[in-house]
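Shown next, in structure tokens, is the structure this report addresses.
The values are calculated or read from the model by the stated rules, or taken from the named source; none is laboratory data. Everything quoted here is computed from the prediction, not taken from an experiment. Backbone-built Cβ (ideal geometry, glycine too); neighbour counts: all protein chains shown. We work out accessible area using only protein heavy atoms, side chains counted, and drop any ligands, DNA or RNA first. Shrake-Rupley method; radii C 1.70, N 1.55, O 1.52, S 1.80 Å.
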Amino acid sequence: MSIPKFLIEKLKAQYDDNLVHEILLGYQSKPVTFRINRLKTTVEEVENFLQLKGISYQKTSWFEDAFIIENRVEDDIKSLSIYEDGKIYLQSLSSMLPVLFLDLQDGQSILDMAAAPGGKTTEIASLFQDQVLITAVEKNKIRADRLRYNITKQGVRRATVLESDASKLDDYFSFDSILLDAPCSGSGTLLSQNDNLYFKEELLEKTKRLQRELLRKAVQVLKPGASMIYSTCSILEEENEVPIENLLKENLVEVVPLDFSKIPDIPQLPSKISGAMVVMPSKLYEGFFIVKLRKRKQL
């Protein structure tokens with residue numbers, strides 16, 4: 001894998017040489033991981049199925065629904081009946097983390113602002129047993145169709161797909177919680193296909209503008225006193241800490257420190273925001289940023 005020079009320069013400007021070395025090593029790994037769908041199955045049923053098929057796996061210490069496959073490739077998992085039936089969902093471990101920090105109760109509403117292809121939307125439904133009202137937004141028709149497909153396949157009933165630009169939602173909307181897993185450069189994962197990296201400097205500038213717009217809208221449609229999660233698959237401060245610090249300066253939100261006791265054994269990078277989390281790219285994890293924000297009751 002060829003790492004763009006300008007990305008290496010950005011990493012060196014932000015992290016010490018030892019961390020940069022670990023990050024570059026972490027880019028080279030992509031384990032096969034999935035989570036169960038509680039709407040259709042149980043941990044025990046999936047474990048029994050894998051054992052019958054001779055499939056070796058590990059579990060994480062922080063999420064009983066997560067599985068790490070040891071002796072099969074992704075296509076092998078896609079051929080299984082539990083995948084075809086929507087009982088499991090292929091998803092990276094880091095991508096599973098943001099949903100675990102949401103504050104939601106039965107009957108409350110949540111906005112998933114950048115929902116396609118549906119990994120976190122369906123995880124919300126699974127974790128909260130389809131007892132919360134999900135508005136899942138995606139402006140691209142093809143991606144929105146994929147989102148609808150995954151929602152249906154996973155048996156989610158209380159999710160509405162809104163084919164729209166989330167940054168331009170009408171301010172009459174009001175949500176009890178928001179998940180903004182923002183479009184980003186992918187600097188934590190280095191998205192690749194046939195070794196052609198999609199990480200470009202122009203993409204980074206575009207996503208930074210979009211992140212600011214989405215954050216601004218999220219604060220507008222979040223109920224006063226309610227909390228939201230902002231996450232990216234980036235490890236660059238300019239996509240993570242910087243836009244959050246701008247909001248904090250305006251006194252619009254406050255940081256709610258993440259409960260790190262919920263997620264032991266996860267490699268982390270330093271963050272300038274106390275209580276936020278930067279997952280370090282590693283053998284099992286993609287690079288990821290997560291912060292929890294609470295809208296001030298009086299702005």
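Just a few scattered comments:
- Those residues of the range 256-299 which are touching a strand residue (DSSP E or B) at 6+ places or on another chain (Cβ under 6 Å) and under 20 Å from PHE175 (Cα atoms), in sequence order: VAL256, ILE290, VAL291, LYS292, LEU293, ARG294, LYS295, LYS297
- Hits in the range 67-124 - residues which are out of contact with any Asp or Glu (no Cβ under 6 Å at 6 or more places or on another chain), β-branched (Val, Ile, Thr) and either in a helix (DSSP H, G or I) or open to solvent by less than 60 Å² (accessible area, probe 1.4 Å) (or both): ILE68, ILE69, ILE77, ILE82, ILE88, ILE110, THR122, ILE124
- The range 135-150 residues that are within 24 Å of LEU222 (Cα to Cα), paired with ones that are open to solvent by 100 Å² or more (accessible area, probe 1.4 Å) (beta carbon under 9 Å, 6 or more apart): GLU138/ARG146; LYS139/LYS168
- Hits in the range 125-148 (condition: open to solvent by 20 Å² or more (accessible area, probe 1.4 Å), among the aliphatic types (A, V, I, L, M) and either within 19 Å of SER167 (Cβ to Cβ) or more than 18 Å from the chain's Cα centre (by Cα) (or both)): LEU133, ILE142
- Counted residues, the range 143-178 - those being of a type outside the set (S, T, N, Q) and in a helix (DSSP H, G or I): 11
- The range 12-66 - residue that is open to solvent by less than 70 Å² (accessible area, probe 1.4 Å) and acidic (Asp, Glu) and, of those, nearest to PHE288 (Cα to Cα): ASP65
- With respect to the conditions (1) of a type outside the set (Val, Ile, Thr); (2) closer than 27 Å to LEU19 by Cβ; (3) in contact (Cβ under 8 Å) with a residue 12 or more places away in the chain, SER261 falls short on a single one, namely (3).
Table: residues versus (1) in contact with a helix residue (DSSP H, G or I) (Cβ under 7 Å, 6 or more places away or on another chain); (2) surrounded by 20 or more Cβ atoms within 10 Å (Cβ to Cβ); (3) assigned to a helix (DSSP H, G or I).
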position: LEU204; (1), (2), (3): no, yes, yes
position: LEU215; (1), (2), (3): yes, yes, yes
position: ALA218; (1), (2), (3): no, yes, yes
position: ILE229; (1), (2), (3): yes, yes, no
position: GLU238; (1), (2), (3): yes, no, yes
position: ASN246; (1), (2), (3): no, no, yes
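Rundown of residues vs (1) closer than 29 Å to GLU123 by Cβ; (2) out of contact with any Pro (no Cβ under 9 Å at 6 or more places or on another chain); (3) among the polar types (S, T, N, Q), yes/no style:
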residue	(1), (2), (3)
LYS5	no, yes, no
ASN18	no, yes, yes
GLY26	yes, no, no
SER29	yes, no, yes
ARG38	yes, yes, no
THR41	yes, yes, yes
VAL46	yes, yes, no
SER61	yes, no, yes
PHE67	yes, yes, no
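- Once the range 277-292 is narrowed to residues that are in a loop (DSSP other than H, G, I, E, B) and open to solvent by 10 Å² or more (accessible area, probe 1.4 Å), the residue that is farthest from PHE101 (Cα to Cα) is LYS283.
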